[in-house]
Amino acid sequence: MKAKRMLALLLAGLMCFALFTACGKKSEGAADNGGGEEASSENVAEITFPLEEKTEFTAWRQAATSDPKLGIVTYNDIEAVQAWEEKSNVHIEWQIPPSGQEQENFNLMITSGEYPDMIWDTATYYVGGLDKAIADGVVVPLNKYMDNLLTDYNKLISADEQVYKDCKTDEGNFAGIWFINCPDQGPWLGMAVRQDWLTELGLDTPVTYDDWHDMLVAFRDQKGATAPLWINASAGDPFSIFSAGYGVGVLGSSGKGFINVDGTVKYSPMEEGYKEYITMLRDWYAEGLIDPDFYTRATDWLCPDTLYGTGATGAWFDIYTLLGLRGAMSGNPDMDLVAVPAPVKNAGDKVHLAQYNFTRGTSCTCMTTACKDQDTLAAYLNLGSQQEWAYLAYYGVEGDTYNMVDGKPVYTDKILNNPDGLSASDAMTKFCFRSSGMYIWDRELQTADDKALAAINEIWPSNVDEDIWMMPNITMTSDEANRYATIMGDVETFVGEKTTAFILGSESIEDGWDSYVESLKGMNIEEAISLQQAALDRFNAR
């Protein structure tokens, strides 16, 4: 799998425009309709918007926000949604599950057999995946519409062979309208250190793990840091950035430790690189270079302010938009937090794991068998893949929340300097929304400072190899998924406990590693790897 292009801010708009115009040309290998079944050749009447008569559809979707100050109960409270309705003459009656109860609410809906016309995030919540949802008579495959009512969506995903493959199921179904990153997105999370400390101590930006060790020692001895490096309970971070130099992923990261090395699935926690990595962490922990309570940080997705805000730590992983804000957030205006590349064993090495964004997102909108006017809904779902409609969703109403400047949409002060004191992020949520089809993520760059732009466009991608080892968006059959869950429930508990024990030194890595690996095999980890491999092989064969 090739890593995506890392786009500079200057090129973002141009590349997005290039995607729009390139969509008309299919990449080699992209089928006309793609699907396990032949696409229908029946002629479907053209449907244009606004519709002559008001039409209503129902939709299940998780809440846009749970923040009461934004005043959003359903999506119809959002101005861009209201404008979308006026422009299309289609009203959506939203079914919003209680926050935190989405899966339970979804299951009850499916069990009841009473479905709305469309369901968002079906791929996330439907046990067994989208092919099973189709086989169960819940979701309608969209194959027959790809060359007529879904032409804009078809062009969008056909611009890249990998994206086209990613939007099909193992059975060849186009089961829904996916969110497609436009343009591709660079890594929005990575390692960060306090540059003010480096400058004061006369240290260079760390490159290798040895550099990191020396830096952390200086933070401990000369800055009094009690947790010089902050990592989470999985002994790393959500995307295996810190462990990437050893070629392995950590348990609590994306992929759960499974990696795809040239088409072969491997389970990192039983690889030699994992042994090397946790041996290093054991030594660092004994030296007082790691947060002594790292193994309790299971609910801390980001470094808690009790550590970075007090000067207890000087290095952690962070989100690119927060780098320039941490000083103000901590009440320490002298804090200068900067992005740094992932550490490697030897200078010049490349890493194969990183915070990585597939062009196809994880969310899609599916049409259900309950829909009585499937042709019109298909045409409606196609709108989000047209530039003008995507601008309406992600930027809002032209002249109100954005204006066109030099051919590009630019937010007004209603978003950037909201008169009611809302942050730009909250203002985007209040006045705009996310539609499936084109996902114009780079709108957020309008609020990003120089540190954030350097991190996402230059620093964090700088040592990431094109051969990325992230697992693609594979799917398992229902039987496979059940068996996999049975195995991995015990495996993950065991790996987590052993990893912590090895790092704390309560168990010897040297004496206990072979026994640990054998125990994993006895827990059927090799069968779990085979299940992942089978799903990967099916994905590659799409």
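Report, by chain and number, residues whose modeled amide H sits under 5 Å from the one on Ala233, excluding near sequence neighbours (fewer than 5 apart, same chain).
Under 5 Å from the amide H of Ala233: Arg297, Ala298.
Any of Lys165/Lys256; Lys132/Lys165; Lys54/Lys372 with alpha carbons more than 20 Å apart? Name them for me. Write down the numbers at each step before the final one.
Values: Lys165/Lys256 23 Å; Lys132/Lys165 18 Å; Lys54/Lys372 15 Å.
As for pairs spanning more than 20 Å Cα to Cα, those are Lys165/Lys256.
Probe of 1.4 angstrom, ligands and nucleic acids ignored: what's the accessible area per residue over the chain, in square angstrom? Don't skip to the end; give the middle numbers.
Working: 22750 Å² over 542 residues.
It amounts to 42 Å² per residue over the chain.
Which of the peptides 270-277, 296-303 is most tightly packed, and how do the rest follow, judged by the mean count of other Cβ atoms within 10 Å per residue?
Details: 270-277: 20.1, 296-303: 15.1.
Going from most to least packed, we get 270-277, 296-303.
Provide the net charge surrounding Val207, with neighbours chosen by a C-beta distance below 14 Å and charges set as Lys +1, Arg +1, Asp -1, Glu -1. Walk me through the numbers before you get to the answer.
Working: positive: Lys345, Lys350; negative: Asp204, Asp210, Asp211, Asp214, Asp349.
So the environment of Val207 carries a net charge of -3.
Using a 1.4 Å probe on the protein chains only, how many percent of the accessible area of the chain belongs to carbon and sulfur? If you can, show how the numbers build up before the last one.
Values: 10690 of 22750 Å².
About 47 percent, which is the carbon plus sulfur part of the accessible surface.
From the residues Val163, Asn346, Tyr209, which one has its Cα farthest along the dipole of the chain in the positive direction, the dipole being from +1 and -1 charges on Cβ of Lys/Arg and Asp/Glu about the Cα centre?
Comparing the listed Cα positions along the dipole, Val163 ranks first.
Order these peptides, 167-179, 490-502, by their mean beta-carbon neighbour count within 10 angstrom, highest first. List each step's numbers first, then the result.
Details: 167-179: 22.9, 490-502: 18.3.
Sorting 167-179, 490-502 by mean packing, highest first, produces 167-179, 490-502.
Out of residues 5 or more away from Thr208 or on other chains, whose amide H comes under 5 Å of its own, with H placed 1.01 Å from N in the peptide plane?
Residues meeting the amide H criterion: Val344.
Note down the magnitude of the dipole of region 201-298 about its Cα centre, charges +1 on Lys and Arg C-beta and -1 on Asp and Glu C-beta and zero elsewhere, to the nearest 20 debye. List each step's numbers first, then the result.
Numbers: 7 positive and 14 negative charges, 80 e Å.
I would put it at about 380 debye.
Quick check on the chain: helices-only [θ] at 222 nm, where DSSP H runs of length 4 and up contribute -39,500 (n - 2.57) each and the sum goes over total residues. Nearest 500, please.
Numbers: 20 runs with 197 residues, N = 542.
Computed mean residue ellipticity for the chain: -10500 deg cm²/dmol.
Please give the peptides 514-522, 421-429, 132-140, 380-388 ranked by average Cβ packing (other Cβ atoms within 10 Å per residue), highest first, as a rough proxy for protection. Write down the numbers at each step before the final one.
Working: 514-522: 13.6, 421-429: 17.2, 132-140: 19.2, 380-388: 21.0.
Averaged packing, sorted descending, gives the order 380-388, 132-140, 421-429, 514-522.
Can you tell me the FRET efficiency between Ala541 and Glu497 if r is taken as the Cβ-Cβ distance and R0 is 41 Å, rounded to the nearest 0.05?
On the way: r = 37 Å, r/R0 = 0.91.
With a Förster radius of 41 Å, E is 0.65.
Magnitude of the Cβ-charge dipole of region 180-240, K/R +1 and D/E -1, about the Cα centre, nearest 20 debye? Before the final figure, lay out the partial values.
On the way: 3 positive and 9 negative charges, 46 e Å.
The dipole of region 180-240 has a size of about 220 debye.
If the cut-off is 25 Å between C-alpha atoms, which lysines fall inside it for Lys451, apart from same-chain ones fewer than 8 positions away?
Correct list for Lys451: Lys4, Lys223, Lys350, Lys408, Lys414.
Any idea what the relative contact order of the chain is, in percent, if you count C-alpha pairs under 8 Å spaced at least 6 apart?
On the way: 998 pairs, mean separation 127.9, N = 542.
Relative contact order of the chain: 24 percent.
Could you give the length gained by full extension between Glu466 and Asp490, i.e. 0.36 nm per residue of separation minus their alpha carbon distance, to one decimal place? The partial results should precede the final answer.
Working: separation 24, 0.36 × 24 = 8.64 nm, distance 3.40 nm.
Additional length available on full extension: 5.2 nm.
Under a Cβ-only charge scheme (Lys and Arg +1, Asp and Glu -1), can you give me the dipole magnitude of the chain about the Cα centre, in debye to the nearest 20?
Working: 38 positive and 82 negative charges, 73 e Å.
The dipole magnitude comes to about 360 debye.
The values are calculated or read from the model by the stated rules, or taken from the named source; none is laboratory data. What you see is a predicted model; the values in this text were computed from it and never measured. Methodologically, a virtual Cβ is constructed for each residue, glycine included, from the backbone with ideal geometry; neighbour enumeration extends over all protein chains shown. Areas reflect the complete protein model, heavy atoms only, side chains present, ligands, DNA and RNA absent. Shrake-Rupley method; radii C 1.70, N 1.55, O 1.52, S 1.80 Å.
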